[in-house]
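Reading through the structure tokens given below for one structure.
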Amino acid sequence: MLPTLNGRLQTRIFMLVVFGGLITLALTPILPGDPDYKTTYIILATVLVLGIVWELIYHGIQQFRWEKDWPTMFGLITALNEGALVWLLLDLELVPGIDGVPDFWAFLIDFSVIWFVVWIWTNGPMRVPFIRWRFFGGRII
Amino acid sequence: MIEPSAASVVPTTDPSTYLPAQAITGDLTDQMLETDFWTDDLVAAAGIPIVDVPFVTVGSGIGSFVTVDYLRIAGVPTSQIRVLGTLDKPWQTYEYLTRVSQVPRPERLRSDSASRPDNIWGFPSYGFAEGVRKFNLKVLWQLFSEPIFADYYTPKAGNVFEQLERESNRIGYDEMLVKGLVRIVRRRYGGGYFTILTPPEGASATKRVAFRSQYVHVAVGYPGLKFLPELQRYRTENNDYRHIVNAYEAHEHVYERLMQVPSTVVVRGGGIVASRVLQRLMDDRLLHGAQTNIVHLFRTYINGPNDGYGNEGDPRPGGGKPRMFMRRRGGDGWAYQGFNYPKSVWGGQLKAQVRKLEGEERAELYKRMGGTNTPWRKLWQKQMNQGRREGWYTPVVGAVEDMQPSGERIVNHVRTAQGTVPIEADFVIDCTGLEADIAEHRLLKDLLEHGGVTRNPVGRLNVDRSFELIGTASGTGAMYASGSSTLGGYFPGVDTFLGLQVAAQEIQADLRKRGFGKRIGPVRSTLQWWKWLAGSAP
């Protein structure tokens, strides 16, 4: 990825809304612990909101790279820090709108599947419908 | 005004239709050469047949190919496009240059995996396709972990050419190709352009053929190669073209000789070509028993963090060190960089940044991210380390002051920090890769003198963000340029595969606004991608 800050934010929002939204819709009924849609979508929104802050940090880190690129691998391993933070907040019951602590495996499965699909899509297929996307730092509009 | 959907028209060249007093040769007249805007009558009066076609691209190399590929995918039929040039295959010049500079078909280029001139989407990338087709986990791991735990994946030259051939057949490239030399493009009185083609002897009734088009695209590649002045002087004064060679000319005889006789070779330059030539010399030594001693001459020796101005201590505007956020890795003489630009010029931050810069500021950023560089590759590091340890690879820092023949050998007088030292060698391979001025190219010279073309802050063709040549508009017609002759514009990576595609995308979008071709939106793009995958015509 060769993102600009604007492109990062747009891509993040687009991916989580489209793929996050669809995957959560499909997975919620079959997740362990039987979570309701309200819970899973609030978690998705939490990932999105925190993600915007994370993108600012990643953009800062990127400035230390001569190439101003964001290696493919980084796009996958940032799931660790982001996922850990979201779970920490859930575990401490700091996420508004969710009562109690949701099932860990439900969170892990939903989060991992979304992340992996988004990562794959970002690193290839996205370029098929949006031919300008990769040349404009990941901007969609 | 040319009707874009009109079929090609070849007016009669029958001499009886013209004034009898005038010699009809179908050649350019003095009056034409002196006139910046040509009327239809002026061309017809010279007896030059006129072919009408809405779009011509001049060059017939990869620049022309990539642009035409985009237009075909945007729904432009082959009848509305003509490719004018001397090459049979778009990759011909490129293959020649890579082969002599030691990247034959089985070797890998210095090019990104997703930088595919045969596929405007860059998906699947070369690496992904190679990894999946052969189920090569090593390649897939490399793609995943580059550049942190692995060298950048780069495609094999042969694979690139094969895929280009496939795409060329798919889009009907040969139907659009008209062979010949183009030295003149002039604006047409009333709009559009005349492109004068000199077909091969016997291919046409007249010496020239004029293509009357609304749009012209110029992609003529490198204007030419420049030798270092002292090398050129030595070659001409001593009539010796055997012992002093440029890496971009055929010089296989050097390697053949080195296999037979233990010799010393001076390699000059610190870029990708020097790396390639060193690999060839070292492969021959390590794998095939050559006894070559290599003296590697650096003009600028990079010893640590650097930018386009050189090492931390080297002078730069405003003084100081490379900026905190613009520090490139370096060592052992080399500046290390994966590709020939920092990667983000092809789509990220640097691309966005340069797009907004003008004049001096733009030239300054070009300078800062420029400078000779080469990728850090495990194999090369291993070979050089072994060479240094065993004493057959010696880097020297300095500038050559003079060169003298000494029997069959050459003495290079090199000015170093320790004074001038003589270095005797059997061969000198120049890998400095100096490029000639754009005015060395006859077509570009003519455009500068008669076509309204101006120079950009680094002295090359001045193109706008849409790659339209600034100052060349002619009525509703437009002239575009892409490739190395446009270096220094609002987009830096022009002389690369991906750069040609970035340019083609902008050109296609601009042409679409003018009513030529369709928009490549998400639906068309996706449908066209499936056609690409299936190998069916666009």
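Some observations on this one:
- Projected label points at B:Arg519 and B:Gln260, each 7 Å from Cα along the beta carbon direction, are separated by 6.6 nanometres.
- The GluC sites (Glu not before Pro) found in the range A:37-113 that occupy coil by DSSP, while having at most 14 further C-beta atoms within 10 Å, are A:Glu93.
- Normalised by 2.2 N^0.38 Å, where N is the number of residues, the alpha-carbon radius of gyration of the range A:1-62 equals 1.30.
- The alpha carbon convex hull volume per residue for the protein assembly as shown rounds to 187 Å³.
- Taking Cα atoms only, the orientation of helix A:37-62 departs from the longest principal axis of chain A by about 30 degrees.
- Entry comment: accessible area of chain B is 41 Å² per residue, from protein heavy atoms only and a probe of 1.4 Å.
- Set of the range B:471-505 residues, backbone N closer than 20 Å to the point 7 Å along the Cα-Cβ line of B:Arg442: B:485
- Residue-count net charge about A:Pro35 - beta-carbon cut-off 13 Å; Lys, Arg +1, Asp, Glu -1: -4
- Whole-Hz Karplus values for the range B:69-75 come out as 4, 4, 5, 5, 5, 7, x Hz, taken residue by residue from phi with 6.51 cos²θ - 1.76 cosθ + 1.60 and θ = phi - 60°; glycine and proline positions read x.
- On the basis of the beta-carbon distance and an R0 of 51 Å, B:Lys382 and A:Ile13 show a calculated FRET efficiency of 0.65.
- Charged neighbours of A:Ala106, selected by a Cβ distance under 12 Å, balance to -4 (K, R count +1; D, E count -1).
- Each of A:Ile57 and B:Ser145 was given a label point 7 Å from its Cα along the Cα-to-Cβ line. The distance between the two points is 2.5 nm.
- In the range A:5-136, the alpha-carbon atoms span a convex hull of 103 Å³ per residue.
- Only the Cβ atoms of Lys and Arg (+1) and of Asp and Glu (-1) were treated as charged; on that basis the dipole of the protein assembly as shown about its Cα centre amounts to roughly 460 debye.
- Sequence-distant contacts, meaning Cα pairs under 8 Å at least 6 residues apart, place the relative contact order of chain B at 18 percent.
- Signed unit charges on C-beta, dipole axis of the range B:306-369, positive-most listed residue B:Pro317, B:Gly333, B:Gly359: B:Gly359
- Each of A:Trp115, A:Leu5, A:Gly51 was placed along the dipole of the range A:5-136 (beta-carbon charges, centred on the mean Cα), and the one lying farthest toward the positive end is A:Leu5.
- Using the Cβ-Cβ distance between A:Ala26 and A:Leu48 with R0 set to 22 Å, the FRET efficiency from 1/(1 + (r/R0)^6) comes to roughly 0.75.
- With eigenvalues of the C-alpha gyration tensor scaled by 5 and rooted, chain B, Å: 43, 28, 23
- With at most 13 neighbouring Cβ atoms within 10 Å, loop chymotrypsin sites (Phe, Trp or Tyr not before Pro) (DSSP) excluded, longest segment of chain B: B:326-538
- Geometric extent, Cα atoms of the range B:380-419 - Rg, Dmax (angstrom): 13.4, 35
- Dividing the Cα radius of gyration of the range B:306-369 by its Kirkwood radius returns 0.96 for Rg/Rh.
- For the range A:85-137, the Kirkwood estimate of hydrodynamic radius, built from reciprocal distances between every pair of different alpha carbons, is 13.4 Å.
- Flagged links, alpha-carbon separation over 22 Å, of A:Lys68/B:Lys156; A:Lys68/B:Lys367; B:Lys226/B:Lys343; B:Lys356/B:Lys518; B:Lys138/B:Lys382: A:Lys68/B:Lys156; B:Lys226/B:Lys343; B:Lys356/B:Lys518
- Cα-projected label distance for B:Thr236 with B:Asn159, points at 7 Å along beta-carbon direction, nm: 4.5
- Given 14 as the ceiling on other Cβ atoms within 10 Å, longest exposed-site-free region of chain B for GluC sites (Glu not before Pro) in DSSP loops: B:1-200
The values are calculated or read from the model by the stated rules, or taken from the named source; none is laboratory data. Keep in mind that this is a model prediction, so the values were computed, not measured. Please note: Cβ atoms are built from the backbone with ideal geometry, for glycine as well, and neighbour counts cover all protein chains shown. Note: accessible area is taken over every heavy atom of the protein model, side chains too, but ligands, DNA and RNA are not part of it. Shrake-Rupley method; radii C 1.70, N 1.55, O 1.52, S 1.80 Å.
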